[in-house]
Amino acid sequence: MNIQVFAKQDIALGQLETALELFFAKGDLFSVITLAGAAEEILGQLLQERSGGQGFGGALTSIFRILRPRNRKGEDGEGLSGQEIGNLVHLDPQKEAIFLLGRAIEDYIALAGVPSASMVKFMSEVSLQ
């Protein structure tokens with residue numbers, strides 16, 4: 001076995017940078033959504049730990065819980081967002097990718113203080129859309 005120690009912030013940064021690379025290369029948006037969502041989840045937990053569990057409107061909610069549609073009874077549905085019917089999900093992957101990348105970048109900047117070059121590029125390009 002080759003067990004090593006990794007900083008959660010570094011893992012999230014790697015996921016976020018990979019998601020940004022895919023986004024700029026017009027790669028698979030569902031992979032961008034997954035990677036950005038995973039990074040946002042880790043970074044959100046780190047922010048919550050830093051604040052002692054206070055702030056951010058109470059406890060941070062899992063990004064996947066935020067994006068899941070609710071059924072008539074108010075329970076979480078399956079899938080990321082939009083409307084899900086059987087094995088299909090109706091959503092705008094570009095919009096979801098931009099949303100999750102934006103959240104993850106905001107969380108990263110809140111933790112690290114300084115965005116990476118690809119984060120700055122994303123923020124400038126998305127603001128022009």
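The values are calculated or read from the model by the stated rules, or taken from the named source; none is laboratory data. Note that the structure is predicted; figures quoted are calculated from it, not measured. Here Cβ is always computed from backbone atoms with ideal geometry, including for glycine, and neighbour counts include all displayed protein chains.
Scanning the stretch 111-129 for residues that are assigned to a loop (DSSP other than H, G, I, E, B) and small (Gly, Ala, Ser), which turns out modelled with the lowest pLDDT? I'd like the intermediate steps shown before the answer.
Looking only at the stretch 111-129, we keep the residues that are assigned to a loop (DSSP other than H, G, I, E, B), and these are 113-116, 129.
Subsequent filtering for residues that are small (Gly, Ala, Ser) retains 113, 116.
Numbers: GLY113: 94, SER116: 97.
The residue in question is GLY113.
Where in the stretch 1-110 are there helices (runs of 4 or more DSSP H), lying fully within it, with 2 or more residues that are buried (at least 17 other Cβ atoms within 10 Å of the Cβ), β-branched (Val, Ile, Thr) and at pLDDT 95 or above? Give the steps one after another, and end with the answer.
Details: elements: 8-24, 29-50, 63-67.
Helices (runs of 4 or more DSSP H) meeting the threshold: 29-50.
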